[in-house]
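One structure is given below, encoded as structure tokens.
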Amino acid sequence: MNGLFFIVITLAVVVFQTIVSPCFFWFPQSFDVTIILILFLSLHFYRHAVVPAIVFIGSIMDSLSGGPFFLYTFSYIWIYLIVQLVKQIVFQTSGLFILVISMVSILIQQGLVVFSVFIQQGKTGVWQMDFTSMGAQLLWGTLLIPPGVWLLSLCYQNWRYMVRVLKKSWEHKVHN
């Protein structure tokens, strides 16, 4: 049932990121909403199941975006690795930890974008980039990712509760 939750949430986040979000005027300042899902997975699930899920999500985003290929996959893997490294040192449910890791996640993605532009166009291409938009993405990501991770955790807890209730109900019907 965790797999079903993962599939439904991933589909919802990807649809929001690729279809709904671009319809609004604030889209250029929008951060990658999928980072919320990546941080949630990194914090709440076991390592052996998370890596393929992150690669899967990154592959979907790389396929649907117009950006450099493997940008999303590579950044999501780095975010996961940093969360795992820092999670061993810091208390993982700390609000400060989620806030800092949110900023770091946005910076990782922005750094990879700047690096890919530098590789393709040199430093003149980098200086032509919209750093104001990048700053806005950092600000909005820092403000909205922690509540997003909390909301996703709350949805997951409710999902698990519903599954337990349905399981008990099913077992009760089978035994009667």
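Multiply the residue gap between VAL8 and HIS175 by 0.36 nm, knock off their C-alpha separation, and tell me the result in nm, one decimal place.
On the way: separation 167, 0.36 × 167 = 60.12 nm, distance 3.08 nm.
Taking 0.36 nm per residue and subtracting the Cα distance, the gain is 57.0 nm.
Could you give the nm distance between label points at TYR46 and PHE118, where each point is 7 Å from its Cα heading toward the beta carbon?
4.0 nm
Give the label of the value calculated from the structure for Cα Rg over 2.2 N^0.38 Å, choosing from [x] 2.36; [y] 1.57; [z] 1.16.
Answer label, from the structure shown: [z].
To the nearest 10 degrees, how steep is helix 34-44 against the longest Cα principal axis of the chain, on a 0 to 90 scale?
Relative to the chain, helix 34-44 is tipped by roughly 50 degrees.
I'd like the orientation of helix 71-87 relative to the chain: the angle between its Cα long axis and the longest Cα principal axis, in ° from 0 to 90, rounded to 10.
60 degrees
Quick check: residue separation of PHE131 and THR18 times 0.36 nm, minus the Cα distance between them. What number comes out in nm?
Values: separation 113, 0.36 × 113 = 40.68 nm, distance 2.19 nm.
Full extension of this stretch gives 38.5 nm more.
Could you tell me the calculated FRET efficiency between LEU99 and PHE25, based on Cβ-Cβ distance and R0 = 22 angstrom, to the nearest 0.05?
Working: r = 27 Å, r/R0 = 1.22.
Rounded to the nearest 0.05, the efficiency is 0.25.
Which angle from 0 to 90°, rounded to the nearest 10, does the C-alpha axis of helix 95-127 make with the longest principal axis of the chain?
40 degrees
Long-range amide H contacts for VAL90: which residues qualify at under 5 Å (H placed 1.01 Å from N, peptide plane, sequence gap of 5 or more or a different chain)?
none
Taking +1 at the Cβ of each Lys and Arg and -1 at the Cβ of each Asp and Glu, which of PHE70, CYS155, VAL117 sits farthest along the dipole of the chain towards its positive end, judged by Cα position relative to the Cα centre?
CYS155
Tally Lys and Arg at +1 and Asp and Glu at -1 over the other residues with C-beta under 15 Å from the C-beta of GLN137: what net charge comes out? Intermediate values should be presented prior to the final figure.
Values: positive: none; negative: ASP32, ASP130.
Within the 15 Å Cβ shell, the charges total -2.
Bear in mind these aren't lab numbers, they're just calculated from the coordinates by the rules spelled out. These numbers come from a predicted model, not from an experiment. Cβ: placed from backbone, ideal geometry, glycine included. Neighbour counts: every protein chain shown.
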